[in-house]
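Below: one structure, written as C-alpha cells.
We did not get these values from a lab; they are worked out from the coordinates using the rules stated. Model, not experiment: these values are computed from the prediction. Methodologically, a virtual Cβ is constructed for each residue, glycine included, from the backbone with ideal geometry; neighbour enumeration extends over all protein chains shown.
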Amino acid sequence: MRYAVLATDFDGTLAHDGTVAEPVWAALERLVESGRRAVLVTGRLLEDLLPLVERPERFSLIVAENGALVYDPATKTARTIVEPPPPAFVAELRKRGVTPLEVGHVIVATWEPNEKAVLDAIRDVGLEWHVTFNKGAVMALPAGVTKATGLQVALDELETSRHNLVAVGDGENDGAMLTFAECGVAVANAIPLLKERADVVTTRDHGAGVRELVGALLRDDLSEAGGIVSRHGIVLGRDTDGEEVTLAGAARGMLVFGTSGGGKSTLTTLILERLREAGYQFCALDPEGDYSSFEDAIVVGSVQASPTLEEISEGLRSPTHSLILNTLAVPPHERPAYFSRVAKIIDGLRQQRGRPHWLVVEEAHHFMPVDAGEPLDIPLSSVLLVTTRPQLVQPRRLRDVDTMVAVGDDARRALEEAVSLLAIAPPPHSSIEPTDGGALVWTQSSGTVRAFRADIPRTTRVRHRRKYATGELAESKSFYFRGPGERLNLRAQNLMTFVQLARGIDDETWLHHLRRGDYSKWFAEMIGDEGLARDALAVEGDTAVTAVSSRQRIVDAVLQRYTTPA
C-alpha cells in the first residue's frame, strides 16, 4: 500500500451544496476498511461543519478553519495550531462595516468584495496575516497557515508521511494541500487552475469524483491513474547536455553496480542523502558497517549483534527517521535467510503504513545470491540494489528494478549485460561512454542510455576502523595468501588477521603477492584506505626491498592506522 491516507476537501469535493450522498459515505467506509485513513480538510468553522458530517468518526482527524484547527472525532477534542485573532483586528473589521463576518477559533472570514477592507485592516492593525480566497470566500489567517500546514500536524499525529498522502479538492484554497501531498487530485468540477496543478483529475465531479478516486486506490493504489508522480524526483546529477538526471521518489527500483572503487558507494550515499532531504524514509541493509554514522538515521546492529526484527519494526515507527541495519554480525551464509525475514517485515510495514518508502540493499549479491534456491516471493517495490556484478543476483530480484546505473571500468558493456538479464527488455545498443569518474544510466520506460556525472554527497562515508581491524569481512572482500602455484589458501578476514598471517608465512609467499601488487590493491579496493594503499605501493615498487624489510614496513603501516579494539 503506497497511499495510506486520503485527505479530502468538503464543499465542492466531498459534498455538493453542503450534502454528501450516501454512496460517497459508503466509499469512505470501504477506504477505512482497507486499512487506510481518511482526513477531512475544510475552510469551514468546526461548529458549522460537524452538523453536516454523518458519523465524523469515519475520519481519523478533521482539519478545519483552512488548516488552523485540528479536531479528533474519537475524543471530541480540538486544538488550534496558531494564536487566535487579535480583538483589535476583529474590531477594526466591524468598524469598517465588513459583513457578513465569521470569527472562528483562528480564522476570520467574509465574502467578496470585502477583500480590500480585510487587507487594509491587516495593514492598519500591523498583523502578519494573509488572505486566502475560495470561490468568493475571503479568509484571513496568520501568515503561513494553509490546509497543507494543518495537514502536516494531522499526519504527525497519525505518524504518517506526506509521501503516503493523496489529497483531493476543487478550489483555490486546496492548491497548497494538493502540492503538499505525494499525489494531488482535482475533481472534475474543480477550477481550471487547480486542474492544471493536479497530478490526477477525476472524470466525475463532486462526491462521485471522490468515489472514483477511492475505487482507484482500492484497485491498484492509483497505479493506472498516474499515482507515481514525477514531480517528486530526486536529482542524482547532470548528463553531458547539462540536463538533470533524477530518480522518481516512488520508482519501482534501481540497480547500481560496477567494479570496486568505481563510485557505487558514493552514489548510494548521495541517493540516501537526497531521499532524506525529500522526506522519504528508507531502510538500508549495510553488511560492511559503512553507513553507521549516516546523518538523521537510526542505526541498529553491530559487529557483535545483528538487528532484531523488533528493532527494525520499532526503528521505522516514526516517518521522521530512516533506519540503517548494520549486519556485520550476520555470517555470509546466513544472509539470504536473514534478508527473507527482513523483507517480510518491510512488506508488512508497507501494507500497514506505506513505508519505509525505500529498501536499500548494499552487497545485494550476498543477500539474494543467484544460487540461493527459491527466490523470496515478495515484490520489492522502490528497492535500491547495490552490487559489483548483477549476474550474481537472483534474476527474480533484478526484475524488481526499472533503472540501472553502471559505474567504473567498462560501464557500457556491463550495462548491456545487466539489461539482458531482465529478459523483459532488449539490451541497449549505445556507443555512449561515461566521462572519467562518471556513470551510465538506463531506464526501462525510455530504453535509452545517458552518461552523467553524479553530484558529490554532502557527507562522506565513514569507514569504521574497528570493522576493518577485527570485524568479519565477506569472503569476497577478504585477502587470501595463496603463494606461487596457489599452494596455500590462508584467509585474512580483517587487518589484524592479515598482520598475523603476514608475520608467519614464508618469504616466498610474501614476496609472490608483493611483486604482484596484491597488498596495495586490497587496501584500496576492499579496505577503502587510499593512504594505506599508497604506502604499500611504495614498498611494492622498491625492487631492492627484502622480504623481511617489506613485511615490516607494510605491517607497521597497518598498525599505525588501525589498532585492535579493547
Over all directions, average the projected area of the Cα convex hull of the range 332-404 and note it in nm². 4.6
Tell me the Rg and the Dmax, in Å, that the Cα atoms of the range 233-454 produce. 16.5, 49
For the range 82-144, what is Rg from Cα atoms divided by 2.2 N^0.38 Å, rounded to two decimals? 0.96
Virtual paramagnetic centre 7 Å along Cα→Cβ of ILE432, amide N under 13 Å, in the range 248-290: none
Using +1 on the beta carbon of Lys and Arg, -1 on that of Asp and Glu, and nothing else charged, what's the dipole of the chain about the Cα centre, debye to 20? 920
Relative to the chain, whose Cα atoms define the longest principal axis, helix 495-504 and its Cα axis are tilted in degrees, nearest 10, by 0
Please list, in order along the range 278-290, the HN-Hα scalar couplings obtained from phi with the Karplus expression 6.51 cos²θ - 1.76 cosθ + 1.60 (θ = phi - 60°), rounded to whole Hz, x for Gly and Pro. 7, x, 8, 8, 10, 10, 10, 8, 10, x, 10, x, 7
Suppose the Debye formula is applied to equal point scatterers at every Cα of the range 214-335; what is log10 I(q)/I(0) at q = 0.09, 0.19 Å⁻¹? -0.34, -1.16
Whole-Hz Karplus couplings 3J(HN,Hα) for the range 94-102, θ = phi - 60° and coefficients 6.51, -1.76, 1.60, Gly and Pro as x, run 5, 4, 7, x, 6, 9, x, 9, 10
Stretch LEU101-THR77 to full length: gain in nm at 0.36 nm per residue minus the Cα-Cα span? 6.1 nm
Against the globular-protein guess of 2.2 N^0.38 Å, express the Cα radius of gyration of the range 465-561 as a ratio, rounded to two decimals. 0.97
SER420 versus ILE456: modelled label distance in nm, points set 7 Å from Cα along the beta carbon direction: 3.8
Answer with a single label: of (i) 0.95; (ii) 1.20; (iii) 1.03, which was calculated as Cα Rg over 2.2 N^0.38 Å from the structure in view? (ii)
Here, GluC sites (Glu not before Pro) of the range 49-124 satisfying both criteria (DSSP loop; at most 15 other Cβ within 10 Å) are GLU54
Folded to 0 to 90 degrees: helix 206-220 orientation relative to the chain principal axis, Cα: 20
Between helix 147-158 and the chain: long-axis angle, C-alpha atoms, 0 to 90°, nearest 10: 60
